[in-house]
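Visitor: Next up is a structure, given as structure tokens.
The values are calculated or read from the model by the stated rules, or taken from the named source; none is laboratory data. Bear in mind that the values here come from a model prediction, so they are computed numbers and not experimental data. A quick note on method: Cβ atoms are made from the backbone with ideal geometry, for glycine too, and the neighbour counts reach across all protein chains shown. Just so you know, the surface numbers come from the protein's heavy atoms only, side chains and all, with ligands and any DNA or RNA stripped out. Shrake-Rupley method; radii C 1.70, N 1.55, O 1.52, S 1.80 Å.
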Amino acid sequence: MSAMVLESSVEEFVARFAPYAAEGTLYPQHEGSPLLEFAAAGRVLYLFDRTGPYAVKPGNGRVIVHGVTEAMHTLNLGSEAAGVPTQQLNLLGVSAVEGVGMVEEVFRGLTVVRARLPLVLGSLSGLPTLRAGDWVSFRTTPPLHGFVV
């Protein structure tokens with residue numbers, strides 16, 4: 001069984017997914033903590049800092065939020081009576097989320113889902129077949145990763 005690689009380097013990941021960075025507010029990091037506190041779209045996320053400790057300046061910023069899914073399912077919208085789902089993003093513990101969102105872009109092994117804010121989601125066991133415009137429900141494993149742009 002071959003291992004799934006979700007990123008080859010921090011720099012490559014940032015360059016590739018910078019257009020999908022969420023805009024929000026970065027808060028100062030606590031001494032010795034690898035977690036970024038990032039407020040965006042009405043949520044406060046604690047992200048494992050992938051771009052370097054203490055390099056982030058507090059204030060407005062753009063962050064690529066990356067998670068590994070524990071589960072992802074396409075939503076069957078069925079009839080028009082069902083209507084369009086609402087984007088949802090709920091916090092699970094310190095650094096995981098679950099939600100409902102629309103697929104914006106699909107890459108090999110990764111997909112960008114807008115669920116209140118853009119998320120770059122991957123899976124170590126494979127994602128369902130997706131297209132831009134599909135609606136999905138998902139749950140990530142901790143920790144979420146943050147790449148400051």
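Visitor: Among the residues of region 51-66, which ones are modelled with pLDDT under 90 and either part of a strand (DSSP E or B) or within 16 Å of the chain's Cα centre (by Cα) (or both)?
Guide: 51
Visitor: While we're looking at this one, here's another question. Return the residues of region 108-128 that are open to solvent by 10 Å² or more (accessible area, probe 1.4 Å) and more than 20 Å from residue 62 (Cβ to Cβ); say none if nothing qualifies.
Guide: Correct list: 108, 109, 124, 125, 126, 127, 128.
Visitor: If I ask for residues that are open to solvent by 40 Å² or more (accessible area, probe 1.4 Å), in a strand (DSSP E or B) and among the charged types (D, E, K, R), which ones from region 23-50 would you list?
Guide: 23, 37, 43
Visitor: May I pose another question? If only one of 139, 131 is assigned to a strand (DSSP E or B), open to solvent by 20 Å² or more (accessible area, probe 1.4 Å) and under 22 Å from residue 76 (Cα atoms), which one is it? Lay out the reasoning, then the answer.
Guide: On the way: 131 fails: assigned to a strand (DSSP E or B).
Among 139, 131, only 139 is assigned to a strand (DSSP E or B), open to solvent by 20 Å² or more (accessible area, probe 1.4 Å) and under 22 Å from residue 76 (Cα atoms).
Visitor: Quick check on this structure: which one of 105, 98 is open to solvent by 20 Å² or more (accessible area, probe 1.4 Å), in contact (Cβ under 8 Å) with a residue 24 or more places away in the chain and over 11 Å from the mean Cα position of the chain (by Cα)? Before the answer, list the steps.
Guide: Details: 98 fails: over 11 Å from the mean Cα position of the chain (by Cα).
The conditions single out 105.
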